[in-house]
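First up is the structure itself, then whatever we jot down about it.
The values are calculated or read from the model by the stated rules, or taken from the named source; none is laboratory data. Just so you know, these numbers come straight off a predicted model, no measurement behind them. Glycine also receives a Cβ, built like all others from the backbone with ideal geometry; neighbour counts cover every protein chain displayed. The accessibility values were calculated without ligands, DNA or RNA, using every heavy atom of the protein model including side chains. Shrake-Rupley method; radii C 1.70, N 1.55, O 1.52, S 1.80 Å.
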Amino acid sequence: MQFRGFGGFVTSALIAGAILWSFVTTDVELSRLMSAGPRIADFLGRMFPPDPTVMAEIKKGSAETLRIAILGTLGAVILSVPLGILASETMVSPAVFRPIRTLLAFIRAIPLILVAMLMVGAVGLGPLPGIIAVAFHATGMLAKFYAEAIDGVSRAPIAALESAGAGPLVRLRYAIWPQMAPVVARDTIFRFELNLRESLILGIVGAGGIGFYIQTYVRSFQYDKAASVTIAVVVMVIAIEAINVALRRRFT
Amino acid sequence: MSTAVEVDDLSFAHTGADLPALERVSFRVSAGESVALLGPSGAGKTTLLALLDGRLQGWSGRVSVLGAPLDPDRPPPSARRPDTGFVFQEFALVERSSVLRNVLNGRLGRMSPLRALLGSPTKHDLEIARTALADCGIADLAERRVDSLSGGQRQRVAIARCLAQEPRLILADEPVSNLDPTRAGEVLALLTGAAQARGATALFSSHQPDLARRFAQRIIGMRDGRIAFDVPTSELNDDATAELYREVEPLPGLSLRAVS
């Protein structure tokens, strides 16, 4: 992209203005930044060595996060099948898929943590609000992906089976589903990975999972324990990604 | 000799189109004949073949396929559909499925709906599929996935699927225009040969006069949705072919712009 002429000048001025405005009104004190060095060192020092005695909590917390992600993804899949069909151009008329797509965009625009806070208020603490929040939030993306999978199916093999005398259900099974299945599998695994990553922090607002322990240990200044949990989270995220990459490679 | 296709005064326009795709088309094809529809793109060949296959509605005129009239307003009953096989220009295979699965797809209309849905072909179905594969020279590819095949191999799979359907009429829409000249000749020889061996009628479209001459007993020339000529292959002359492919004269108004 290139900015040219007067329009370019106005764009540059606006960007510069936005940066200046942020600096001036945020009270960025250089002295505070300079003096932070020793404090960060002290903070890190207290995190080291990580306290290994919290292994039980880590196991309990990760298992709960995993359960939230699994059940949340299941909920999202159940919601996304009908919504995905209703959001697809090839299955329904514009009068149906346009409002459904708007609804899905609206759902995607609400951050997960906000949904979780609302759900904690509605159903109380624990993993249940986390599951509901993940299911709701993930549906915004997954239903859109499913709709795109449906719309991406090539029509020609469907016409070929119709010509051979196959009924609608048989066409669905042998012409539509084989084309859709790998896309649906990849999208669902991808969304599961995101759900697992995002639900790691749900505990911070009381919606269950390992995030609860991070919040508890940081607030009670037990940084060595918080460090162990943080390491566990990092290991989990890396492991999820590796498993996901391996799984997705199978669906080509 | 009985009649495989009988078309009388057939006209059709695609929804929203200004010009009709087919205009007052009449011809007949006898059972066992091999006939080519020759003409440039946009002549109406694809539309005509899809219509004979029962996939287009809203036409006028009289059309009868394998002795039974087509209804201009609704698709033919599914029990009749397997009798008419179709070979598509773009192969229309399920890319991720195996060759055998794609050929068995041709049997779906011959199975009971429940058996088709459960995906349990009978021994008979498998035998027919294997024979079709062997006849198309691709028996060794049965377990391969279609997306790993070349264009020529793909069209052979599509022909095997069509043969597995046990059709009495084979319609083929530009079956070889995506293949190189050598493959095109081989595949068209296979298609017309297999039809003849099974006593089936073949009606294929092509925009290449030499292929039509080599593999058809009769050639129907089409242009702008009308039949331009309908002659035995031996009587096809170059003038008629040239006329078929004549460029449309530019409108007088268009050349004026260059002058001013």
Requested in this report: Pull up all non-local amide H partners of B:Arg226: gap of 5 or more, or a different chain, and H-to-H distance under 5 Å with H placed in the peptide plane.
Outcome: B:Glu23
Report summary line: Length-normalised contact order of segment A:65-250, Cα under 8 Å, at least 6 apart, in percent, tallies to 27
Query raised in the report: 222 nm [θ] for chain A, helices only, -39500 (n - 2.57) per DSSP H run of 4+, per residue, to 500?
Result: -26500 deg cm²/dmol
Report summary line: Karplus ³J(HN,Hα) for segment B:146-155 (6.51 cos²θ - 1.76 cosθ + 1.60, θ = phi - 60°; Hz, whole; x = Gly/Pro) runs 4, 5, 9, 9, 7, x, x, 5, 4, 5
Query - Of B:Val187, A:Ile132, A:Ala56, farthest towards positive along the dipole that unit charges on Lys, Arg, Asp, Glu beta carbons give the protein assembly as shown - result: A:Ala56
**Report entry** Within straight-line cross-link reach of A:Lys60, lysines at Cα separation under 26 Å, skipping those fewer than 8 residues along the same chain
**Finding:** A:Lys225
Requested in this report: Could you run the Karplus curve 6.51 cos²θ - 1.76 cosθ + 1.60 with θ = phi - 60° over segment A:67-80 and give me ³J(HN,Hα) per residue in whole Hz, x for Gly and Pro?
Outcome: 5, 4, 5, 5, 6, x, 5, 4, x, 5, 5, 4, 6, 6
**Report entry** Principal-axis tilt of helix A:127-151 within chain A, Cα atoms, nearest 10 degrees
**Finding:** 40
**Report entry** Residue order for A:Trp177, B:Trp59 - accessible surface, 1.4 angstrom probe, largest first
**Finding:** A:Trp177, B:Trp59
Report summary line: Counting Lys and Arg as +1 and Asp and Glu as -1 over every other residue whose Cβ sits under 12 Å from the Cβ of B:Phe204, the net charge comes to 0
Query - About the Cα centre, charge dipole magnitude for segment B:1-117 (Lys/Arg +1, Asp/Glu -1 at Cβ), debye - result: 600
**Report entry** Taking the convex hull of Cα positions in segment A:65-250, its mean projected area over all directions (nm²)
**Finding:** 12.0
Requested in this report: With a cut-off of at most 12 other beta carbons within 10 Å, and DSSP calling the residue loop, which GluC sites (Glu not before Pro) in segment A:1-83 qualify? Please list them.
Outcome: A:Glu29
Query - Positive-pole candidate from A:Trp177, A:Gly203, A:Ile100, dipole of segment A:65-250, charges at beta carbon - result: A:Trp177
Query raised in the report: In whole percent, how big is the carbon plus sulfur part of the accessible area of the protein assembly as shown, probe 1.4 Å, protein atoms only?
Result: 63
**Report entry** Heavy atoms of B:Thr84: accessible area, 1.4 Å probe, square angstrom to 10
**Finding:** 10
Query - Estimated buried accessible area (total), pair A and B, 1.4 Å, Å² to nearest 100 - result: 1700
Report summary line: Ordering B:His124, B:His207, A:His137 by the accessible surface of their heavy atoms, 1.4 Å probe, largest first, yields B:His124, B:His207, A:His137
Query - Most to least accessible of A:Val81, B:Val146, A:Val24 (protein chains only, probe 1.4 Å) - result: A:Val24, A:Val81, B:Val146
Query raised in the report: Roughly how tilted is helix A:94-109, in degrees to the nearest 10 and between 0 and 90, from the longest Cα axis of chain A?
Result: 20
Query - Karplus (6.51, -1.76, 1.60) ³J(HN,Hα), θ = phi - 60°, over segment B:167-176, in Hz, Gly and Pro reported as x - result: x, 9, 10, 10, 9, 9, 9, 6, x, 10
Report task. Just flag the chymotrypsin sites (Phe, Trp or Tyr not before Pro) in segment A:160-252 sitting in loop per DSSP whose Cβ has no more than 10 other Cβ atoms within 10 Å. Result -> A:Phe221
